[in-house]
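This report concerns only the one structure given below.
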Amino acid sequence: MTATVPTSGPAPANVAGGGRRDYPTTPLHTVPSLLRKLWFDRLAMLTDAFEKYGDVVKFAMGPKTLYFFNHPDHAKHVLADNPLNYHKGLGLHEARQLMLGDGLLTSEDEVWKRQRRIIQPAFRRDRIAGFASVVTDAGQALVDRLGEQVGSTIDVSEEMTRLTMSVLGKSLLSADLSPLRMLGPAFEVAQDRAMFEMVSLGALPLWLPVPRNLRFKRARGQLEDAVEVLVGGRAHAAGADGTDLLSMLANAYQGEPDARKRWNVMRDELITILLAGHETTASTLSWTWYLLSTHPEAAEAMRAEAIEVLGDRTPDHEDLARLPFTTTVIQETMRLYPPVWGLTRKSVAADVIDGYRVPAGADVMISPYTLHRHPGFWPEPNEFRPERFASSATPVENRYAYIPFGAGPRVCVGSHLGMMEATLIAAMVARQFRFELPPGARPKPEAMLSLRVRGGLPVKVCRA
């Protein structure tokens, strides 16, 4: 696999940053280091390409070609103006085949529309407000655990995963997921296999009995076992009112005579919800604690706000509007470390993006990670400055320069729940605790399906 860049010529097809909008034949030379980063450091690959060659870069990867567009207008075109022409692409395509099936994240066209109609009512704003007590109950359990570990070193990413899995189960599924502790590790293995499938272009068939494949098959089996537990009702909490997602899906497909199809629908949606519903918020909170540990003045300001607004009481949904600084911290965290770092698409038909021709079947990448750090739209783009969000949720001229939840018709259906959860938990924890990184620690982002902290985030728990 190689990445290609031009040896000469102003803004040609393969690497362009503005100006010329045709596709001349241009001599190419190989820059292998760029594509090696597709496996070892996907974020560096995209960042380096943008810094060297501008807003439009074309990578040749064996039989595949990836078009990387990094201007807000490009994001608007692909995600909002012409979304029907762009199906889910690299990474998600492999995840769909390996584990996600036709869930909401990976399905297309009429299948996706039906799934969205079924699921959407679970995310109405009035229902989200009602989930605040579920969030704060989980937050109090977290605070209690942290109180028992003051002075000790913990993996705060693991704690955030435990927290968000609890919230997901009790809010959207009316289920207790605590017996299913293998879900987090199983998703890690499954994502690793999906990313390997993407960068290896399928070079390692799944039937080969090598350790990577054996780990994945074991993880996939664990995920499917968890779905059977949920669908069978064995993990349902008492008192489910029939409006949880499990009930919505079951009711929507109860007239389907094909039992296997009913199972596949439930399986695909539940595995998708279990993944997307916990991992993105866990990622956001993990990066929040990292940034606050390295910016003590922001940590103290957030603690002061929580004490002033909440005192000793448990927060509720109405407190969200009373926690403006905490909200800006979460927004700025998602700017620097967006939970979904890359939005990959595959063009259905040929298209033109900002004058650049994109052929049918091309892989297209829009990266919130690089958009959110674009110096043309963000002053001091790599600096943690929560105050930039003080006056607006999108403090830049082009609102597509900030898309932590995606954009267009496929914007994240759970964005309001995620923001509420992250904000209330951040306030509850910051009110009593702070976290210290080990000396010399430099956490690195790992670009899987979400933007995780590579290897976890060990921190020392301290009283604030």
(message) Can you name every one of the strands (runs of 3 or more DSSP E) wholly within region 45-146 that holds 1 or more residues which are out of contact with any Leu (no Cβ under 7 Å at 6 or more places or on another chain), small (Gly, Ala, Ser) and open to solvent by 20 Å² or more (accessible area, probe 1.4 Å)?
(response) 56-61
(request) Looking only at region 311-319, decide whether some residue is open to solvent by less than 20 Å² (accessible area, probe 1.4 Å) and modelled with pLDDT of 95 or more. (result) yes
(message) Would you confirm whether or not region 440-450 contains a residue that is modelled with pLDDT under 90 and of a type in the set (S, T, N, Q)?
(response) yes
(request) Output the residue which, of all residues in region 148-160 that are over 15 Å from residue 437 (Cα atoms) and open to solvent by less than 30 Å² (accessible area, probe 1.4 Å), is farthest from the chain's Cα centre (by Cα). (result) 159
(message) Checking residue 451 against (1) farther than 28 Å from residue 127 by Cβ; (2) in contact (Cβ under 8 Å) with a residue 24 or more places away in the chain; (3) touching a strand residue (DSSP E or B) at 6+ places or on another chain (Cβ under 6 Å); (4) of a type outside the set (Lys, Arg), only one condition comes out false. Which one?
(response) (1)
(request) Any residue in region 281-292 that's among the polar types (S, T, N, Q): show its pairings with residues that are open to solvent by less than 10 Å² (accessible area, probe 1.4 Å) and not in a helix (DSSP H, G or I) at Cβ separation under 7 Å, as long as the two are six or more apart or on different chains. (result) 283/339; 283/450; 283/451; 284/339; 286/457
(message) Exactly one condition in (1) in contact with a helix residue (DSSP H, G or I) (Cβ under 6 Å, 6 or more places away or on another chain); (2) over 27 Å from residue 156 (Cβ atoms) is false for residue 214; which is it?
(response) (1)
(request) Would you mind telling me which numbered condition in (1) out of contact with any Ser or Thr (no Cβ under 8 Å at 6 or more places or on another chain); (2) modelled with pLDDT of 95 or more residue 329 fails? (result) (1)
(request) For residue 259, work out the one condition from (1) at pLDDT 85 or above; (2) of a type in the set (A, V, I, L, M, F, W, C); (3) over 20 Å from residue 177 (Cα atoms) it doesn't fulfil. (result) (1)
(message) I'd like to know if region 207-222 contains one or more residues that are part of a helix (DSSP H, G or I) and within 16 Å of residue 450 (Cβ to Cβ).
(response) no
(request) Would you mind stating whether residue 332 is out of contact with any strand residue (DSSP E or B) (no Cβ under 9 Å at 6 or more places or on another chain), open to solvent by 20 Å² or more (accessible area, probe 1.4 Å) and not in a loop (DSSP other than H, G, I, E, B)? (result) no
(message) For region 358-380, give me each residue that is open to solvent by less than 10 Å² (accessible area, probe 1.4 Å), farther than 30 Å from residue 302 by Cβ and of a type outside the set (A, V, I, L, M).
(response) 363
(message) Just to verify a result, which residue in region 346-357, among those that are open to solvent by 20 Å² or more (accessible area, probe 1.4 Å) and in contact (Cβ under 8 Å) with a residue 60 or more places away in the chain, is nearest to the chain's Cα centre (by Cα)?
(response) 346
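The values are calculated or read from the model by the stated rules, or taken from the named source; none is laboratory data. Just so it is clear, the model here is predicted, and its values are computed rather than measured. Positions of Cβ are generated from backbone atoms using ideal geometry, with glycine treated the same way; all protein chains shown enter the neighbour counts. Ligands, DNA and RNA are excluded from the accessible area calculation, which covers all protein heavy atoms including side chains. Shrake-Rupley method; radii C 1.70, N 1.55, O 1.52, S 1.80 Å.
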